[in-house]
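The values are calculated or read from the model by the stated rules, or taken from the named source; none is laboratory data. Everything numeric here is computed off the predicted structure, so don't read it as measured data. Methodologically, a virtual Cβ is constructed for each residue, glycine included, from the backbone with ideal geometry; neighbour enumeration extends over all protein chains shown.
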Amino acid sequence: PPPMPGARREVGTVSPGVSTAEPWRASAPRASLAAAAALVLLAACLVLDPPSDSLRSPFVVAAGAAVVIGELVPVHALTRWSAPLSSVSILALVLTPALGEGNQLASATSIVGMIGLCLLAAAGLTALAGQAGWAEQVVILGPLAARFFGGVVAAFLARGVSIGGRNLLEWTFATDSPLWALALSLVAVGAVAWGVERGVYTLIWESPDVRPTQTGRTRRLDSAIGLAVATSAPLIALSFPEVGLAALPLYLLPVAVVLVTLRRYFGVQRTRRQTLQLLARLPQVAAQGRPDHSVRVADLSLRVALEMGVSGADAEVVEQVAMLHDVGQLGLPVPLEHGMTLHASEPQVAAMAASGRRIAAVASPDAAEEVAAVHTPYRRSHELGEEIPLASRVIHVVSAYDDLTEGATSDRIIDLALERLHLGLGYEYDPEVVEILERLVRQPTTKGW
């Protein structure tokens with residue numbers, strides 16, 4: 001059937017399992033403000049207490065180089081730009097006892113100046129390498145500023161706060177206190193610094209559009225990176241008096257391995273998303289209709305599934321099935337009109353199920369059976385005892401709804417579409433799914449998370 005009167009096509013904006021924004025997109029004004037504040041603080045530190053010659057020791061030079069390298073090989077992790085190698089190296093500079101004039105520990109302001117110069121060098125090299133244009137470079141300075149402020153807080157806690165005439169590092173390396181207590185104190189400083197860094201990130205990022213399927217993954221990755229940062233730098237500091245410069249590569253190597261693993265992981269995830277996107281577009285090209293139908297269905301199906309209590313890996317399956325739910329049309333000898341499955345015949349449904357299962361088994365094995373069952377009428381569950389997966393029932397309803405509206409959001413189109421769905425309650429469509437869908441689409445907005 002043709003689209004309902006007044007229906008309009010909207011270009012979808014949500015990719016499968018990823019935000020509409022770039023993973024590291026930040027608010028340029030906020031990033032600029034954070035970068036400006038960091039530059040002012042850095043200038044003040046350099047004027048008040050310039051880095052002394054003692055900070056040109058091999059360890060400090062090596063740690064500074066690690067900061068620069070870490071900034072040049074970051075990880076685009078979902079909603080932010082992480083640089084664990086740089087974060088660990090910054091904390092190592094703060095917590096390791098680099099001695100100043102008169103065999104005294106270098107001051108907090110001197111260390112902050114060193115950190116700022118390293119981050120400025122990294123920003124300059126990024127610009128010279130052509131990795132970002134001017135507008136993007138302004139945004140990239142935001143994450144650098146976040147790491148700078150984390151280092152500032154760590155330097156203040158470790159070198160600037162005196163207790164009984166001694167700061168934390170002097171207590172750590174010049175007393176007979178238990179090693180475990182000293183280690184815990186350094187880890188605490190690292191944890192606070194990481195928390196400050198994350199806090200500045202939160203202020204910089206403009207309402208990160210992280211999809212619900214990503215929230216658990218984001219927490220796990222943040223926890224893993226945070227644990228690596230908070231523990232590796234104290235280990236470097238505690239080992240330095242015994243093994244010297246070797247402490248730096250000894251404990252940076254595991255962080256580098258984690259960094260390489262994360263970059264490969266996100267590379268695989270990007271490739272998988274691109275594959276799903278490509279497969280999702282093929283039915284649209286073959287049937288010459290419904291631009292971004294699968295994207296809209298994935299978006300709304302995920303919302304419905306979440307309302308029904310689906311979470312975690314099951315929610316990811318719903319999203320993948322929604323992106324692939326029409327690939328079975330590639331197995332039809334004659335394409336459906338406009339690619340709409342609303343009134344597909346039983347032989348066509350059977351052919352789409354078989355073809356969809358074969359394609360999904362290669363692209364997303366976990367979703368193959370759900371893809372095959374997407375167009376199965378709800379009545380078969382109580383007439384023939386077939387078990388229709390929840391993801392399939394949800395997407396069957398949402399796909400029909402999008403066939404009827406094609407992305408239109410006017411009240412009239414929504415009312416007509418829901419009326420058509422109600423005619424098939426219990427026979428073609430799951431009543432519970434239709435009820436939740438109706439509640440969602442009648443809300444003031446169904447966009448954003």
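Note on the range 359-388: residues that are under 34 Å from the mean Cα position of the chain (by Cα) and either surrounded by fewer than 16 Cβ atoms within 10 Å (Cβ to Cβ) or in contact (Cβ under 8 Å) with a residue 60 or more places away in the chain (or both) total 7.
Number of residues in the range 335-358 that are touching a residue at least 40 places away in the same chain (Cβ under 8 Å) and either surrounded by 14 or more Cβ atoms within 10 Å (Cβ to Cβ) or over 25 Å from LEU278 (Cβ atoms) (or both) equals 8.
For the range 279-330, the set of residues classified as in a loop (DSSP other than H, G, I, E, B) and in contact (Cβ under 8 Å) with a residue 24 or more places away in the chain consists of GLN288, GLY289, ARG290, PRO291, ASP292, MET308, VAL310, SER311, HIS325, ASP326, listed by residue number.
Matching residues to (1) assigned by TED's automatic domain parsing to the domain that holds LEU306; (2) under 17 Å from VAL304 (Cα atoms); (3) at pLDDT 90 or above; (4) small (Gly, Ala, Ser):
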| site | (1), (2), (3), (4) |
| --- | --- |
| ALA368 | yes, no, no, yes |
| GLU387 | yes, no, no, no |
| GLU406 | yes, no, no, no |
| ASP411 | yes, no, no, no |
| GLU432 | yes, yes, yes, no |
| GLY448 | no, yes, no, yes |
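A quick yes/no check of all residues on (1) hydroxyl-bearing (Ser, Thr, Tyr); (2) outside the structural domain of PRO241 (by TED's automatic domain parsing); (3) buried (at least 18 other Cβ atoms within 10 Å of the Cβ); (4) at pLDDT 75 or above:
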site	(1), (2), (3), (4)
LEU93	no, no, yes, yes
THR109	yes, no, yes, yes
LEU125	no, no, no, yes
VAL138	no, no, no, no
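Does at least one position in the range 21-28 carry a residue that is assigned to a helix (DSSP H, G or I) and either at pLDDT 85 or above or not charged (D, E, K, R) (or both)? Looking for residues that are assigned to a helix (DSSP H, G or I) and either at pLDDT 85 or above or not charged (D, E, K, R) (or both), one finds at least one in the range 21-28, hence yes. Name the residue that is nearest to the chain's Cα centre (by Cα), counting only residues in the range 331-343 that are under 20 Å from GLU406 (Cα atoms) and not in a loop (DSSP other than H, G, I, E, B). This residue is GLY339.
Do we find a residue being surrounded by fewer than 19 Cβ atoms within 10 Å (Cβ to Cβ) and assigned to a helix (DSSP H, G or I) anywhere in the range 397-406? Checking the range 397-406: not a single residue is surrounded by fewer than 19 Cβ atoms within 10 Å (Cβ to Cβ) and assigned to a helix (DSSP H, G or I). Restricting attention to the range 341-380, the residues being touching a Leu at 6+ places or on another chain (Cβ under 8 Å) and farther than 15 Å from ALA322 by Cα number 5.
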